[in-house]
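Encoded as structure tokens, the structure appears first; notes follow it.
None of the figures in this text is laboratory data; all of them are computed from the coordinates on show. Source: prediction; values computed, not measured. Quick reminder, even Gly has a Cβ in these numbers, built from the backbone with ideal geometry, and neighbours come from all protein chains shown.
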Amino acid sequence: MILQEIALQNFRSYTKKTFAFSPETTLIVGPNGAGKTNILEAIMYLATGRSFRAGEDREVVHWGKDVCFASAAIGDTTLEIVITTGSIEGQDVPRKRYKVNDVPRRLVDFIGNLRAVLFWPEHLELVTDSPSLRRRYLDSVLVQVDREYRRNLLSYERGLRQRNKLLDAINVGTAVPSQLLFWDQLLIKAGGYITDKRGEYIDYINSCQLSPREDSGQAAISYQLKYDKSVISESRLEQYKEEEVAAGATLVGPHRDDFVVFKSQISNHNDQINAKQLSKYGSRGEQRLAVLWLKLAELSYIEKEVGERPILLLDDIFSELDGAHRELVVELIGRQQTILTSADEASIPAAVLESATVIRL
């Protein structure tokens with residue numbers, strides 16, 4: 001899978017622009033605010049159908065416009081996503097539309113034509129930020145490799161909105177609890193699939209390690225994720241039924257999942273010692289390394305699932321890593337098509353510059 005080019009129209013800062021990429025490494029250089037991250041955002045939109053930075057889709061539409069376009073050429077396949085503010089010339093329109101080779105497609109069929117792994121500075125907060133960020137991370141990986149996960153996630157999200165509206169109605173007396181039965185069954189079925197697949201992915205992540213040792217002569221290091229899952233079942237919905245009506249919200253299910261990152265030293269006898277939760281006790285350096293481990297495992301997982309490496313997107317990350325881990329990323333760059341950005345060309349290792357096609361903004 002090689003991304004040959006993307007074309008943007010009224011997307012963020014770009015009124016109309018096309019970017020062509022090397023099948024190996026492309027470096028996008030420009031000052032802060034020049035639109036480097038906007039390019040990567042468009043690529044991830046085409047891979048996952050969602051933004052990794054916008055709170056609402058309408059935020060990516062160029063100021064003063066009603067609609068924007070992002071399209072990609074991947075071999076003989078053309079992908080296009082159309083994003084609107086919800087209204088064009090006063091008429092209500094869908095907020096997003098998807099096309100493959102100019103044929104309209106549902107989101108569940110659009111995702112999976114392009115696969116990408118993104119590493120950007122905000123991902124360093126995966127360890128410490130809110131659970132919603134970690135859930136979005138899990139979804140961004142799994143939707144790219146599993147059509148049934150996409151289908152169940154969309155079904156779950158729609159069902160959750162409807163069930164929450166019904167809980168509100170029950171609270172004010174305009175609906176009765178028996179009306180929850182349909183939505184309960186939908187959420188239990190879809191939620192069970194989501195939970196199982198997230199668990200399988202986390203198990204795979206836990207089987208991967210960056211390297212035998214962080215530094216020569218030190219104890220081996222192990223990173224592990226603990227899946228804090230919120231199982232949805234008839235018994236748990238029954239358990240929380242009164243609290244849910246009072247809150248007007250569904251209190252159990254994968255929309256309340258989380259995971260915790262631990263770091264352990266491994267003794268010569270393969271015993272774990274000094275395990276610590278990085279969100280509470282880890283240094284910034286340890287948290288950065290944990291996210292790098294997570295991204296390396298993500299690349300490996302997608303390759304295992306679909307039989308080819310995804311595109312690697314690196315958004316100005318060399319400034320966030322120390323020398324040893326910069327070298328690890330440099331080694332990684334040559335293993336698949338890579339697109340990286342930087343505000344400072346001098347910060348890019350010489351080995352990368354020598355082989356990269358450079359786009360200057």
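Take the Cβ atoms of LYS165 and ASP344, set R0 to 51 Å, and the FRET efficiency comes out at 0.55. Among ARG151, ARG106, the order by Cβ neighbours within 10 angstrom, fewest to most, reads ARG106, ARG151. Put simply, the range 227-329 fits an ellipsoid with semi-axes of 35, 20, 16 Å; these come from the alpha carbon gyration tensor as the roots of five times its eigenvalues, largest first.
Our summary gives the range 131-308 a relative contact order of 25 percent, counting only alpha carbon pairs under 8 angstrom and 6 or more residues apart. Multiplying the residue separation of VAL306 and ARG236 by 0.36 nm and removing their Cα-Cα distance gives an extension gain of 21.7 nm. Using C-alpha pairs under 8 Å with a sequence gap of at least 6, the mean separation divided by the residue count of the chain gives a relative contact order of 23 percent.
As a calculated quantity, the FRET efficiency between LYS226 and LYS16 at R0 = 41 Å, using C-beta atoms, amounts to about 0.30.
Compactness check for the chain: Cα Rg over 2.2 N^0.38 Å is 1.07. Stretching the chain fully between GLU148 and SER279 yields a gain of 44.0 nm (0.36 nm per residue, less the alpha carbon separation). From its DSSP helices (H runs of at least four residues, each -39,500 (n - 2.57)), the chain gives a residue-normalised ellipticity at 222 nm of -12500 deg cm²/dmol. Largest GNM mean-square fluctuation among TYR149, TYR301, TYR204, using the chain with Cα springs under 10 Å: TYR204. For the range 305-361, applying the loop criterion from DSSP together with a ceiling of 15 other beta carbons within 10 Å to the GluC sites (Glu not before Pro) yields GLU308. Here are some pairs, LYS165/LYS229; LYS197/LYS263; LYS226/LYS280; LYS229/LYS304; LYS226/LYS304; LYS16/LYS65; which of them have Cα atoms lying more than 19 Å apart in this structure? Over 19 Å Cα-Cα: LYS165/LYS229; LYS197/LYS263; LYS229/LYS304; LYS226/LYS304. Springs between Cα atoms under 10 Å define the GNM used for the chain, and in it the highest mean-square fluctuation of THR37, THR77, THR128 occurs at THR77.
Here the range 131-308 has an Rg and Dmax of 19.7, 68 Å, counting Cα atoms alone.
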